[in-house]
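See structure below.
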Amino acid sequence: MTTLTATDLSKTYLLRSGLRFSRLQAVQEVSFELSPGRTLALVGQSGSGKSTIAKLLMQLERPTSGTLLLDGAPIGRRGRALADYRHEVQMVFQDPFASLNPYHSIGHHLLRPLLLHGRATARTAPGAAKELLERVNLPADDAFMERRPHELSGGQRQRVAIARALAPGPSVLVADEPVSMLDVSVRLGVLNLLARLQQEEDLAMLYITHDLATARHFSDEIMVMLRGRVIEHGPADEVILSPREEFTRRLLAAAPEPATNQRFLAEAQRRGVPMPDHLAHQEDLG
Amino acid sequence: MTTITEESAQIDETEKTTAPRRRRPATTLVVGLGIVVAIVLFGLVAPFFTQDPLAVSNDGMQGPSAAHLLGTTQTGQDVLAQLAHATRGSLMVGVIVAVLALLLSAFFGILGGYLGGWLDEVFSLFTNVVLILPGLPLMIVIGSYVEQRGLLLIAFVLAITSWAASARVLRSQTLSIRSRDYVHAARIAGEKPWRIISVEILPNLLPVMSSGFVFALITAILGEAGLSFIGLGVVGTQTWGSMLFYAQNGQALTLGGWWWFVPPGFMIAVLGGGLSLINFSIDAIINPRLRNAPANVRRVQKAEKEAGA
């Protein structure tokens, strides 16, 4: 399987306002490794450079400095080599309402990558597309293939986007906040689907999110970013349970915990629900 | 029989309860299309049935009669025959110009917008230069220098002065669509640039392009009429503008020959109105918020009236 290694990745944008130029250092010297069967969660606030890293990995932007290695070899930047790279590395976008072309059918979105990457011929492609739909728990029939994106719900669209990313048969998958635009009720379903597919395909996955809870649940390692820099990087449980950095602690504290609600605590006490130790003392906060 | 009519009445009822909101914007489209189709059919079919538009006779400046439904010109030519041929000529100029302008604006707007960089800078500069070229004076200059002003030459002159505005609209739309996620997704899937432009971006520009096409059609027909009216139009082909030019020369207005200059003027006005109606409904399709705007205005007016009373 395939390992994607990023070393000292930096991206500086030149901003122009009138005649004045300024530099925005979106990403500064970020290094990590995506290896088969493992998920790396990239956590940070908006504007911390998470999505820029996704763009650099997908070669939608060129890094200012730093190297990307696929199985130890420098990645292809154009032509045939770039096509080979796209064959291995695919991405799921944040907003399923923007990532599917409103003009084209669901079938078009799945058939094109299958054909482009030689995964199917014109004759076998519809069958292969239906197989993909089945794998992401969507109805695999002609009627569904002919539907347009606007006829689907957000969760269904994101499943289509996942199926499209899987179509070239990648070994590395970048998921840029795959559930942040979805209804809370379907988030877990989509995340479980991603986790299942990762296991089945032994994918190396980069899971970009701002939600530490799902990061801990679905990934092996967590990397915390602040203003373009990685400030903490380690095994998921270690980062969550004993954060070394002040910022990580603040991120953890920012997640609302129902148990800190006084009414909830009073109700729990009245009903005699056992409380974990660290919550039992919160009554004093009054 | 009665059961059938009852059924059809019921169907009408159900349609009425669900459909009116959808139908309302369509009325502008239906009326606009009706006008345009009628004029196009007139221009295509009528010339085969009318008299020779250039045949001179002795009964000049006659009002409408059974022999000449729209009367005759000063030299005794049949106005209806002239109108039919002029409709064909004007529409031909309009369509040629609109197609040329569409191609030019699509080339400079979409290609520059998608590829960006220095090519976009050059294309934008060129577009802006053409945009500020004063159209009519340029046409007068070119028209008066060239001896043989054929249909294609006039169409070409009109086209190069009328594509720039829609090129700018297309460029800004392309810039916006280029950075959407589905275009990134197509790049990641490995699509080639020409395929991204033609398959992923172009279909989403179709509403804008069709409204640009209709607008170019109106400007071209008006521009040609203006050129012909001042005597710099197409030589050898009749258009509404050339009819007005000869009517002016023959002093139709002072002699009271309304049947000579009203029909071409009426055709220009009605065709412009019909094309504008089509354009409004295209706008309503692009921007769904416009669909309910007339109804909203009426609602506000009604509320104000009630508040006043």
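The table that follows gives values for the structure above.
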| quantity | calculated |
| --- | --- |
| Antiparallel content of DSSP bridges confined to the protein assembly as shown, in %, to 5 | 55 |
| Average projection area in nm² (convex hull over Cα atoms of the stretch A:117-276, one quarter of hull surface) | 13.3 |
| Stokes-Einstein D in µm²/s, Kirkwood radius over Cα pairs - the stretch A:145-214 at 4 °C with 1.567 mPa s viscosity | 101 |
| Low-density loop positions, GluC sites (Glu not before Pro), the stretch A:136-237 - DSSP coil, at most 16 other Cβ in 10 Å | A:Glu146 |
| Spin-label model distance (nm) - A:Ala195 vs A:Glu61, 7 Å beyond Cα toward Cβ | 3.1 |
| Helix A:262-271 axis, angle to chain A major axis (alpha carbon atoms, nearest 10°) | 70 |
| Whole-number D in µm² s⁻¹ for the stretch A:185-234, Kirkwood Cα-pair radius fed into Stokes-Einstein, 25 °C, 0.890 mPa s | 203 |
| Dimensionless Rg ratio for the stretch B:100-199, taking C-alpha atoms and the 2.2 N^0.38 Å reference | 1.33 |
| The protein assembly as shown - charge dipole about Cα centre, Lys and Arg +1 at Cβ, Asp and Glu -1, debye rounded to 20 | 860 |
| Span-rule helices in chain B, defined as complete DSSP H runs reaching 27 Å or more along the axis (Cα) with Kyte mean at least 1.0 | B:20-45, B:79-106, B:202-229, B:258-286 |
| Residue with peak Gaussian network fluctuation, chain A [Cα springs, cutoff 10 Å], from A:Ser242, A:Ser17, A:Ser48 | A:Ser17 |
| For the stretch A:1-111, alpha-carbon Rg relative to the globular expectation (2.2 N^0.38 Å, N residues) | 1.23 |
| Extension reserve of the B:Asn58-B:Val129 stretch, reckoned as 0.36 nm per residue once the Cα distance is removed | 20.3 nm |
| Centre separation in Å (Cα based) which lies between the stretch B:109-188 and the stretch A:89-150 | 36 |
| Over chain B: Rg over Rh, Cα atoms, Kirkwood Rh | 1.08 |
| Shielding of B:183-196 by partner chains, average beta-carbon count, 10 Å | 6 |
| Net charge dipole size for the stretch A:38-96 [Lys, Arg +1 and Asp, Glu -1 on Cβ; Debye, nearest 20] | 140 |
| Pairwise FRET efficiency - B:Ser179 versus B:Phe107, Cβ, R0 = 25 Å, nearest 0.05 | 0.75 |
| Mean shadow area of the protein assembly as shown over all directions, Cα convex hull, nm² | 46.1 |
| Estimated 222 nm signal from helices in the protein assembly as shown, with DSSP H stretches of n ≥ 4 weighted -39500 (n - 2.57), rounded to 500 | -17500 deg cm²/dmol |
| Net charge dipole size for the stretch A:87-246 [Lys, Arg +1 and Asp, Glu -1 on Cβ; Debye, nearest 20] | 620 |
| Difference of contour (0.36 nm per residue) and Cα-Cα distance, A:Leu188 to A:Asn137 | 17.0 nm |
| Relative contact order (percent, whole number), chain B, Cα cutoff 8 Å, 6+ residue spacing | 24 |
| 5 Å-binned pair-distance histogram of chain A (Cα, whole percent) | 1, 5, 11, 14, 16, 15, 13, 9, 7, 5, 3, 2, 1, 0 |
| P(r) tail fraction, the stretch B:86-156 - alpha-carbon pairs more than 18 Å apart, % | 54 |
| Inter-label distance, nm, simple model (7 Å from Cα along the C-beta direction), A:Arg80/A:Glu238 | 4.3 |
| Dipole axis of the protein assembly as shown (+1 Lys, Arg; -1 Asp, Glu on Cβ), positive-most option in B:Ser90, A:Gly154, B:Ser242 | B:Ser242 |
| Segment B:Thr27-B:Val300, length gained on full extension (0.36 nm per residue, minus Cα span) | 96.1 nm |
| A:Ser153 versus A:Thr2: modelled label distance in nm, points set 7 Å from Cα along the beta carbon direction | 3.3 |
| Alpha-carbon Rg/Rh ratio, for the stretch A:60-198, with Rh computed the Kirkwood way | 0.98 |
| Given charges at Cβ of Lys, Arg, Asp, Glu: the protein assembly as shown dipole, positive-most of B:Ile132, B:Gly43, B:Met267 | B:Ile132 |
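FYI, it's all coordinate maths here, none of it is from the lab. Since this is a predicted model, take the numbers as computed values, not measurements. Here Cβ is always computed from backbone atoms with ideal geometry, including for glycine, and neighbour counts include all displayed protein chains.
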